[in-house]
Amino acid sequence: MGRLQQTYGLTGEQREILATVRAFVDKEILPVATELEHADAYPQAIVDRMRELGIFGLMIGEEHGGLGESLLTYALVVEELARGWMSVSGIVNTHFIVAWMIAHHGTPEQRAHYLPRMATGEIRGAFSMSEPGCGSDVSAIRTRAVPGGAGAYSITGQKMWLTNGATANLVATLVKTDPAAGHKGMTTFLVDKEPGFGEVAPGLTVPGKIEKMGYKGVDTTELLFEGYRVPAAQILGGEPGRGFYQMMDGVEVGRVNVAARGCGVARRAYELALAYAKERETFGKPIVEHQAVMFRLAEMATKVEAAHQMMVMAARRKDSGERNDLEAGMAKYLASEYCKEVVEDSFRIHGGYAYSKEFEIERLYREAPMLLIGEGTADIQKMIIGRRLLAES
């Protein structure tokens, strides 16, 4: 195991899981990732293999057929997956946010109904807060759910930026049930649908895939509700008005995930830069022996390690049962910013070849910017960090 791949204090089982995932990434993801990414092709064979390995049930409790592992184990697995191809880690991120929310906030009936099939990957989750006009301002969502008789609600509105919006068959969706009540007027519904595009349920449409500069392969979509009827039993936790707090709990898990993805992409960029610098020669010697390149690699390695340790701290804090919004915000902010910097430095070390689609760093250069935005921008993270620091002082 390389120096920059170590995490101390892991159990034997955790190390075995990581070794298995790392071998899977090296053998089955890295050789095909760039080709699939350039084709914007969904990695079905990789997803099927992840189901066989039990990755979709990694954090779901053993009583529901999962492995019952910690958030730390999950984050380290995500780091390995993102090292292979960031889009693959995105396929499991929203799934685990939804599974976490059901496990911690769902009714006993909801947990029994969904979690066993989520553990096998038969049910795959997507997570929906954002809308075209709200972005980071969650309170500005407009999608409404109103009582429609016969113990059901009718949902109307437009949701945006759903990762796995087409391939998922379960969407945890935040809507307003009482617009005058602020955050207490928001409710999370568990929305069942068929996978695919077009009308996936009566009154529910997935228009098509949003074209992106990077983060390809995984589908990112809109979700249109036009009088979609959903039973009141599909309210997460059984009671309206708790959706905002349920979603924020899920987002803390998501931010640790994004931090882990940043660590994985940065580590891969460093590996590529180091390998290239040892092979490429200028002025009669490998460029790694030039001080300018050596210093750049030293800075990159330090950032990779610092981001990794911050991510581990945030995951362990959440696993302890304590509030971790401060640590998750710090980890997400640091890892995404360092990822951008490390990838750019790797790009510089590769020189002109970095601009060629034949080199893997070109793909990473297009993927890294998504991490600056996903699960809250850097400015949002700094607001969270600053407010928590003030509150604690």
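The values are calculated or read from the model by the stated rules, or taken from the named source; none is laboratory data. Everything numeric here is computed off the predicted structure, so don't read it as measured data. Every residue, glycine among them, receives a Cβ derived from its backbone with ideal geometry; neighbour counts consider all protein chains shown. The accessibility values were calculated without ligands, DNA or RNA, using every heavy atom of the protein model including side chains. Shrake-Rupley method; radii C 1.70, N 1.55, O 1.52, S 1.80 Å.
For segment 328-338, does any single residue satisfy the condition of being closer than 25 Å to residue 160 by Cα and open to solvent by 30 Å² or more (accessible area, probe 1.4 Å)? Yes, that holds for at least one residue.
Whether a residue is open to solvent by less than 10 Å² (accessible area, probe 1.4 Å), modelled with pLDDT under 95 and of a type outside the set (D, E, K, R) was assessed, and residue 162 passes this test. Inspect segment 198-210 for any residue being within 30 Å of residue 82 (Cβ to Cβ), open to solvent by 40 Å² or more (accessible area, probe 1.4 Å), of a type outside the set (Asp, Glu) and assigned to a loop (DSSP other than H, G, I, E, B) and give the result as yes or no. Within segment 198-210 (the criterion being within 30 Å of residue 82 (Cβ to Cβ), open to solvent by 40 Å² or more (accessible area, probe 1.4 Å), of a type outside the set (Asp, Glu) and assigned to a loop (DSSP other than H, G, I, E, B)), the answer is yes, since at least one residue qualifies. So, residue 175, is that one within 26 Å of residue 379 (Cα to Cα) and either in a strand (DSSP E or B) or more than 18 Å from the chain's Cα centre (by Cα) (or both) or not? For residue 175, the condition - within 26 Å of residue 379 (Cα to Cα) and either in a strand (DSSP E or B) or more than 18 Å from the chain's Cα centre (by Cα) (or both) - is met. Number of residues in segment 227-259 that are in contact with a strand residue (DSSP E or B) (Cβ under 6 Å, 6 or more places away or on another chain) and of a type in the set (D, E, K, R) equals 1. For segment 339-379, which residues satisfy the criterion of being open to solvent by 50 Å² or more (accessible area, probe 1.4 Å), assigned to a loop (DSSP other than H, G, I, E, B) and not basic (Lys, Arg)? Passing the criteria: 358, 359, 373. For segment 302-324, the candidate set comprises residues that are at negative phi and part of a loop (DSSP other than H, G, I, E, B); within that set, the residue that is surrounded by the fewest Cβ atoms within 10 Å (Cβ to Cβ) is 322.
The single condition among (1) surrounded by 19 or more Cβ atoms within 10 Å (Cβ to Cβ); (2) under 30 Å from residue 34 (Cβ atoms); (3) in contact with a helix residue (DSSP H, G or I) (Cβ under 9 Å, 6 or more places away or on another chain) that residue 190 does not meet is (2). The residue that is surrounded by the fewest Cβ atoms within 10 Å (Cβ to Cβ), counting only those in segment 380-393 that are under 25 Å from the mean Cα position of the chain (by Cα) and touching a residue at least 24 places away in the same chain (Cβ under 8 Å), is 382. Inspection of segment 222-242 identifies no residue that is among the β-branched types (Val, Ile, Thr) and under 24 Å from residue 87 (Cα atoms). Which one of 70, 136, 87 is within 19 Å of the chain's Cα centre (by Cα), open to solvent by 20 Å² or more (accessible area, probe 1.4 Å) and closer than 27 Å to residue 18 by Cβ? From the options 70, 136, 87, the qualifying one is 70. Checking each residue in segment 252-285 for being within 19 Å of residue 296 (Cα to Cα), assigned to a helix (DSSP H, G or I) and of a type in the set (Lys, Arg) picks out 267, 268, 278. The set of residues in segment 368-379 that are over 12 Å from the mean Cα position of the chain (by Cα) and either closer than 12 Å to residue 254 by Cβ or modelled with pLDDT under 90 (or both) comprises 377, 378, 379.
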